[in-house]
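Take a look at the structure set out below.
The values are calculated or read from the model by the stated rules, or taken from the named source; none is laboratory data. Predicted model only: the values in this text are computed from it and were never measured. Positions of Cβ are generated from backbone atoms using ideal geometry, with glycine treated the same way; all protein chains shown enter the neighbour counts.
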Amino acid sequence: MSNVDKKWEEVQKKAFTHWVNSQLGKRDESIENLETGFVSGLHLITLVEILSGKKIETKYSKKPKLKVHKITNCYIALNFLSDQCGVKGITVSAEDIVNGDRMTFILGFCWLLLRTFQAPANEKAPGSSFESNLLQWCKDTLHGYKDITVDSFKSESFINGKALLALINEFDGSILKYSEYDAHNKFANCDTALKLAEEHLKLPVLIDAEELAEGKTSEKNIVLYLSLMHNAFKERASGETRDSLLKKVKELEEKIAQIIAENDTLRNSKTSLEHHQKDLTENLHLVTTEKTEVTHLRDQISTQFSDLQSSYSKETSELKEKIEELQQNIKLLQSSSADTTTNLQSAKDEMKKERDSVREELKKTKEALAKEKEELTNKQNELISNLKKNQKAREELEEIMNKKQEAHGQSIHALRKRLLKHVHDMHVWKNFLDQERDYESEDLHVTMFPELVEFPFSEQVHTLDTAISEENVKLDSLKKEREEEIKAEAAASKGKGDEVKKVPSSQTTQTKKSKK
């Protein structure tokens with residue numbers, strides 16, 4: 001093999017190792033070199049799935065140790081490309097890949113994959129070759145640059161470095177100022193372009209700046225380098241959209257967690273309010289009007305909580321559906337076109353608007369609940385204050401009632417003593433009053449029942465006590481008169497010689513009862 005061929009092979013190794021790792025990086029995989037990178041067949045299966053956007057369903061060994069297992073894995077990947085993806089012209093075999101001793105076949109296989117799955121789209125000339133499509137992509141990308149003409153890969157714009165600088169400027173306008181570069185400074189332009197591409201686009205330096213400026217670089221080297229640059233453009237568009245969607249999914253998940261936390265907070269608030277309501281119901285049974293108002297407020301909060309919970313469930317379900325849809329879109333983005341990117345960007349804007357709307361609605365609901373909670377707290381404080389006032393008034397009333405009961409007890413005790421004495425006197429005078437004797441009783445001015453009940457209790461007791469006292473006085477007066485009569489009768493009886501006997505206490509003669 002000549003030095004030129006060896007040099008070209010090393011360029012291809014470096015280029016395709018970079019290209020393969022740019023694809024495997026989507027699943028956090030990588031290879032060190034093409035000789036051993038595909039030996040197990042696992043990285044090859046991953047690469048085929050990424051490029052085709054399809055899943056290999058055939059069962060393969062995920063931890064191959066024996067050579068036969070590795071060959072089987074490679075065979076499954078190659079067979080999938082041929083049967084399921086329609087890739088023709090595969091010259092490398094599974095044994096070649098596992099042995100790693102036929103690098104020419106492996107490099108040709110990488111070229112075939114690049115041309116099949118990474119070829120630039122050319123709507124103007126469908127079915128054109130890979131090189132024609134790549135050149136057309138350069139023309140379309142640089143059509144706004146009046147000082148650039150790219151009719152072929154050997155055009156002056158490639159040789160003076162202006163085309164590469166313009167492509168880098170289109171990739172990211174912040175990397176360089178295109179207007180500062182003069183087409184006459186060929187070597188400086190080429191050297192700068194290759195270094196900036198390596199730093200910002202992560203492209204390996206496959207071309208010598210001096211050879212490019214002198215027009216000595218082969219066309220196939222330029223084609224290979226521009227292929228990697230085209231892949232960098234494609235990966236950037238795909239990567240931005242994918243990262244954006246991943247970020248959106250993360251934001252939605254955080255939003256769901258936030259809504260769940262707010263829901264738990266509202267549920268705890270509801271539980272707390274229910275406890276407060278229960279306490280008020282138990283302790284404020286004397287203030288029925290306030291209790292009814294609190295119950296009404298509780299029902300309103302429960303209704304609003306139910307509405308919020310229903311809204312939350314609905315929004316959560318919608319968000320989950322949208323997350324699933326976004327996850328599906330992520331998978332589709334691996335093979336999506338510029339149109340798909342535009343649609344996803346529109347979906348992103350719509351999701352952002354919907355998220356802002358949901359956030360605003362939740363914010364308003366939260367503020368309303370906070371306001372109602374504050375009103376309920378004020379109402380509770382007012383009820384507690386009224387309860388304390390009622391308790392204090394009840395204590396004062398109980399104190400007055402106790403004093404009145406004590407006074408009533410004393411009055412009743414005095415009345416009881418009067419009544420007992422009166423009954424005793426009546427019993428003593430029973431026999432005396434039963435004698436046959438006419439007498440007139442003095443009128444007693446006693447307040448009768450219909451009038452008496454209208455008086456206060458103390459005045460009733462006083463009136464009755466006064467009446468009993470007056471009657472006792474009258475009885476004592478009558479007793480003295482009767483004793484004097486008995487003495488007079490006794491004296492008269494002695495004069496006649498008759499013995500006067502005292503009436504025994506047990507005598508039960510018939511007497512006339514006085515009229516009161």
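Is it the case that segment 474-486 has a residue that's modelled with pLDDT of 75 or more, closer than 27 Å to residue 406 by Cβ, of a type in the set (D, E, K, R) and surrounded by 11 or more Cβ atoms within 10 Å (Cβ to Cβ)?
No: zero hits.
For residue 135, state whether it is crowded, with 17+ Cβ neighbours inside 10 Å and more than 30 Å from residue 77 (Cα to Cα).
yes
Can residue 17 be described as of a type in the set (Val, Ile, Thr) and more than 30 Å from residue 332 (Cβ to Cβ)?
Values: of a type in the set (Val, Ile, Thr): yes; more than 30 Å from residue 332 (Cβ to Cβ): no.
No, not satisfied.
Answer yes or no as to whether residue 76 is in contact with a Phe, Trp or Tyr (Cβ under 7 Å, 6 or more places away or on another chain) and outside any helix (DSSP H, G or I).
No.
Go through segment 200-226 and count every residue that is touching a Lys or Arg at 6+ places or on another chain (Cβ under 9 Å), within 23 Å of residue 175 (Cβ to Cβ) and part of a helix (DSSP H, G or I).
5
Could you please let me know if residue 356 is within 30 Å of residue 293 (Cβ to Cβ), exposed (fewer than 13 other Cβ atoms within 10 Å of the Cβ) and among the acidic types (Asp, Glu)?
Details: within 30 Å of residue 293 (Cβ to Cβ): no; exposed (fewer than 13 other Cβ atoms within 10 Å of the Cβ): yes; among the acidic types (Asp, Glu): yes.
Taking the combined requirement at face value, the residue does not satisfy it.
Take segment 128-167 and flag every residue that is of a type in the set (Val, Ile, Thr) and either part of a loop (DSSP other than H, G, I, E, B) or closer than 13 Å to residue 230 by Cβ (or both). Give the derivation first.
Pass one, segment 128-167, residues of a type in the set (Val, Ile, Thr): 141, 148-150, 159.
Passing the criteria: 141, 148, 149, 150.
Taking segment 223-272 on its own, how many of its residues are at pLDDT below 75 and within 21 Å of residue 118 (Cα to Cα)?
6
Consider residue 23 carefully, then state whether it is buried (at least 16 other Cβ atoms within 10 Å of the Cβ) and out of contact with any Gly (no Cβ under 9 Å at 6 or more places or on another chain). Reasoning before the result, please.
Numbers: buried (at least 16 other Cβ atoms within 10 Å of the Cβ): yes; out of contact with any Gly (no Cβ under 9 Å at 6 or more places or on another chain): yes.
For residue 23, the condition - buried (at least 16 other Cβ atoms within 10 Å of the Cβ) and out of contact with any Gly (no Cβ under 9 Å at 6 or more places or on another chain) - is met.
Restricting to segment 23-35, name every residue that is of a type in the set (S, T, N, Q) and farther than 23 Å from residue 82 by Cα.
Correct list: 30, 33.
Give the residues of segment 83-110 that are touching a residue at least 60 places away in the same chain (Cβ under 8 Å) and either outside the structural domain of residue 14 (by TED's automatic domain parsing) or surrounded by fewer than 18 Cβ atoms within 10 Å (Cβ to Cβ) (or both), sorted by residue number.
100, 103, 104
Please give the number of the condition residue 39 fails out of (1) over 24 Å from residue 221 (Cα atoms); (2) at pLDDT below 90.
The single condition residue 39 does not satisfy is (2).
Scan 430, 404 and give me the residue that is surrounded by 11 or more Cβ atoms within 10 Å (Cβ to Cβ) and modelled with pLDDT under 70.
Of the residues listed, the single one that is surrounded by 11 or more Cβ atoms within 10 Å (Cβ to Cβ) and modelled with pLDDT under 70 is 430.
Report, by residue number, each residue of segment 1-38 that is acidic (Asp, Glu) and in a helix (DSSP H, G or I).
Within segment 1-38, 5, 9, 10, 35 meet the criteria.
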